[in-house]
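S.K.: A single structure is presented below for examination.
The values are calculated or read from the model by the stated rules, or taken from the named source; none is laboratory data. This structure is a prediction, so every number in the text was calculated from the model and none was measured. Positions of Cβ are backbone-derived with ideal geometry, glycine not excepted, and every protein chain shown enters the neighbour counts. Each accessible area value is taken on the protein alone, full model and side chains, heavy atoms only, with ligands, DNA and RNA left out. Shrake-Rupley method; radii C 1.70, N 1.55, O 1.52, S 1.80 Å.
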Amino acid sequence: MANFNISAEQRQLVEEVRALALRQIAPAVGMLDEADDGRFNDGPFRALAEHNLLTPTVPQEYGGRGLGYFSTALALEELGAVCAGVATVVTANIHAASPIILAGSAGQRGTYLPPLAYAEPCLAAFALTEPEAGSDITSIATTTACNKGLWTINGVKEFVINGGLARFTTLFATTDKEDKRAGLVAFIVPYDVQGLKVGTVHNKMGIRCVRTARLILDKVIVPDELVIGPRGSAYLLLMQTFDRGRALAGAVGVGLARAAFEFALQYSKHRQQFGRPVFAQQAVSFVLAELAARIESARLLVWKACWLIDNDLDYTMASSMAKIAGSQVAQEAAAAAMDICGGRGYLKDLPVEKYLRDARVLSLIEGTNNIQKAVIASLL
Ligand SMILES: Cc1cc2nc3c(=O)[nH]c(=O)nc-3n(C[C@H](O)[C@H](O)[C@H](O)COP(=O)(O)OP(=O)(O)OC[C@H]3O[C@@H](n4cnc5c(N)ncnc54)[C@H](O)[C@@H]3O)c2cc1C
């Protein structure tokens with residue numbers, strides 16, 4: 001049965017995350033954004049870890065909050081409204097933990113999940129993309145081979161969020177250059193393994209508080225115990241991880257859109273031109289009305305996708321739709337907010353230009369929006 005009421009517990013969670021984000025993250029957002037990407041400020045992540053919200057999907061038996069995807073999306077909307085970068089780091093941690101939660105052995109879960117729930121921040125990374133393999137993941141060139149229970153991995157991973165900071169990286173390589181899907185293997189790669197090097201740390205347009213780096217694997221050796229899931233199952237595991245993560249990327253977009261919308265609404269009601277607030281012009285108020293409707297639609301798509309995930313129903317198409325809707329509305333709201341704030345919107349004095357820079361990445365990560373359309377089309 002459809003139910004649009006969030007529970008008392010979920011309402012409490014929203015209030016908790018909103019208060020934490022406004023008190024402990026919002027004051028630092030400008031400084032985090034100004035920081036060069038080479039430097040990393042872990043302040044927001046300390047605050048989140050203290051509330052056990054850095055990887056909120058870690059099951060309670062491993063010390064986590066054990067939040068379902070619906071509740072996690074509510075939390076991410078709040079974080080996304082304050083800083084899409086901080087929210088993106090949380091989605092990266094969730095992404096890295098997801099294969100372990102879904103298919104990890106008892107030993108892997110017992111070793112790698114509890115630190116994600118510690119009060120000291122523990123970052124994790126997810127490494128799939130490579131310089132020559134972006135949307136086309138079947139072209140990955142990171143290879144692996146097993147000899148007497150030891151796996152050797154060689155290759156380069158690109159754009160890795162938390163790269164070089166993560167306690168472990170969930171990483172994909174292939175044993176078979178001809179059939180890379182069947183040959184795909186998912187690994188847990190600990191931070192201190194020999195041969196794992198951090199390459200370029202990328203300097204980005206937006207979400208600048210997020211460390212994004214190249215990882216180089218030069219004869220990295222990991223034991224069989226760090227392979228996630230049975231042989232031949234890694235491709236399916238990867239798709240399940242993406243399908244879940246995409247709904248959450250949508251939630252970050254909804255949060256950013258809401259923040260841009262609320263800022264523009266307030267601004268338009270205060271800014272006087274031609275003797276009245278600019279909001280009194282239909283050209284302005286209709287843009288805001290349209291945005292209000294679009295934000296609500298995107299939120300409902302996110303909620304639906306997350307509800308399907310939590311209820312173990314078919315969520316692939318809904319998740320891709322939620323990701324498209326959330327990322328698009330974030331960009332639309334940020335661009336509209338800049339127009340509504342006029343010339344001031346373009347200045348660093350207001351948060352609007354950051355919204356626009358941050359929003360732009362949301363249609364690129366977790367699979368570009370074209371790839372989401374390909375997923376949806378394949379299911380029509
Ligand atoms: C800030 C940031 C953080 C990231 N974090 C991570 C991370 O933590 N881990 C990770 O593994 N990756 C990460 N990525 C990588 C991201 O997932 C890829 O950038 C994305 O999948 C696209 O790959 P690409 O950049 O190589 O683009 P390409 O695949 O080269 O695509 C270029 C263009 O062609 C289009 N295109 C390609 N194929 C098709 C097709 N079949 N149909 C229609 N259009 C197509 C794309 O939509 C795009 O517009 C991150 C990227 C960024 C920018």
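S.K.: In whole Hz and in residue order, list the ³J(HN,Hα) couplings for the range 282-298 that follow from phi through the Karplus curve 6.51 cos²θ - 1.76 cosθ + 1.60, θ = phi - 60°; x for Gly and Pro.
M.R.: Those phi angles translate into 4, 4, 8, 5, 5, 4, 5, 5, 4, 5, 4, 5, 5, 5, 4, 5, 5 Hz.
S.K.: How far apart, in nm, are two points set 7 Å out from the Cα along the Cα-to-Cβ line at Ala292 and at His270?
M.R.: Rounded to a tenth, the inter-label distance reads 2.0 nm.
S.K.: Tell me, what HN-Hα J-couplings in whole Hz come from the Karplus equation 6.51 cos²θ - 1.76 cosθ + 1.60 at θ = phi - 60° for each residue of the range 87-93, using x for Gly and Pro?
M.R.: For the range 87-93, the Karplus-derived couplings read 4, 5, 5, 4, 5, 5, 4 Hz, x marking Gly and Pro.
S.K.: Dipole magnitude of the chain about its Cα centre, charges +1 at Lys/Arg Cβ and -1 at Asp/Glu Cβ only, in debye to the nearest 20?
M.R.: 520
S.K.: Say R0 is 35 Å: what FRET efficiency, to the nearest 0.05, do Arg231 and Gln60 get from their beta-carbon distance? Numbers along the way, then the final one.
M.R.: Values: r = 30 Å, r/R0 = 0.87.
Plugging the Cβ-Cβ distance into 1/(1 + (r/R0)^6) gives 0.70.
S.K.: Could you give the Stokes-Einstein D for the range 40-88 in µm² per second, using the C-alpha Kirkwood radius, 4 °C, 1.567 mPa s?
M.R.: Numbers: Rh = 11.1 Å.
Here the translational diffusion coefficient equals 116 µm²/s.
S.K.: If the chain between Asn147 and Gln282 were fully stretched, how many nm would it gain, using 0.36 nm times the residue separation less the Cα-Cα distance?
M.R.: That pair, Asn147 and Gln282, stretches by 41.6 nm at full extension.
S.K.: Ok, one more. Nearest 500 deg cm²/dmol is fine: what mean residue ellipticity at 222 nm does the chain get from its DSSP H runs of n ≥ 4 alone, each adding -39,500 (n - 2.57), divided by its residue count?
M.R.: Computed ellipticity for the chain at 222 nm equals -15500 deg cm²/dmol.
S.K.: If you don't mind, another one. What distance in nm lies between label points placed 7 Å from Cα along the C-beta direction at Lys348 and Glu262?
M.R.: If labels sit at Lys348 and Glu262, their model points lie 2.5 nm apart.
S.K.: Hey, got the dipole for the range 329-377? About the Cα centre, +1 on K and R Cβ, -1 on D and E Cβ, debye to the nearest 20?
M.R.: 80
S.K.: Still on this structure, please answer the following. So how do Ser135, Ser268 rank on accessible area, 1.4 Å probe, biggest first, that is with the largest at the start?
M.R.: Greatest to least solvent exposure: Ser135, Ser268.
S.K.: Between Val220 and residues 5 or more places away or on another chain, which pairs have amide H atoms under 5 Å apart, with H built 1.01 Å from N, and which residues are they?
M.R.: Amide H to amide H, under 5 Å and 5 or more residues apart or across chains, Val220 pairs with Ile153.
S.K.: Charges on Cβ only, +1 for Lys and Arg, -1 for Asp and Glu, centred on the Cα centroid of the chain; of Ala249, Leu67, Leu102, which one is farthest towards the dipole's positive end?
M.R.: Ala249
S.K.: With a cut-off of 8 Å between alpha carbons and a minimum separation of six or more residues, what is the relative contact order of the chain in percent?
M.R.: It rounds to 17 percent for the chain.
S.K.: Please give the per residue volume of the convex hull enclosing the alpha carbon atoms of the chain, rounded to a whole number of Å³.
M.R.: Value for the chain: 138 Å³ per residue.
S.K.: To the nearest 20 debye, what is the magnitude of the charge dipole of the range 264-380 about its Cα centre, counting +1 on the Cβ of each Lys and Arg and -1 on the Cβ of each Asp and Glu?
M.R.: On the way: 13 positive and 11 negative charges, 102 e Å.
Using only the charged Cβ atoms, the result is roughly 480 debye.
S.K.: Which of Lys157/Lys180; Lys204/Lys354; Lys180/Lys373 have a Cα-Cα distance over 21 Å?
M.R.: Long pairs (Cα-Cα over 21 Å): Lys180/Lys373.
S.K.: Then there is this: List the relative contact order of the range 103-186 as a percent without decimals, with contacts defined as Cα pairs under 8 Å and 6+ residues apart.
M.R.: 30
S.K.: Hey, another quick one. Amide H neighbours of Val160 under 5 Å, at least 5 residues apart or on other chains, H built in the peptide plane: list them.
M.R.: Correct list: Ala213, Arg214, Leu215.
S.K.: Given the Cα-Cα distance of Met31 and Arg181 and 0.36 nm per residue of separation, how much length would full extension add, in nm?
M.R.: That works out to 49.8 nm of additional length.
S.K.: Also, I was wondering about something else. How high is the relative contact order of the range 76-229, given as a whole-number percent (alpha carbon pairs under 8 Å, six or more residues apart)?
M.R.: Value for the range 76-229: 25 percent.
S.K.: Where in the range 72-113 does the label zone of Leu22 land, with the point 7 angstrom along Cα→C-beta and an amide N cut-off under 15 Å?
M.R.: 78-83
S.K.: Show me the chymotrypsin sites (Phe, Trp or Tyr not before Pro) within the range 119-214 that DSSP assigns to loop and that have at most 16 other Cβ atoms within 10 Å of their Cβ. Please list the in-between numbers first.
M.R.: Working: sites: Phe126, Trp151, Phe159, Phe168, Phe172, Phe187, Tyr191; in loops: Tyr191.
Passing sites in the range 119-214 are Tyr191.
S.K.: Could I ask something else about it? Over the chain, average the accessible area per residue using a 1.4 Å probe and give it in Å², no decimals.
M.R.: Heavy-atom accessible area per residue stands at 44 Å².
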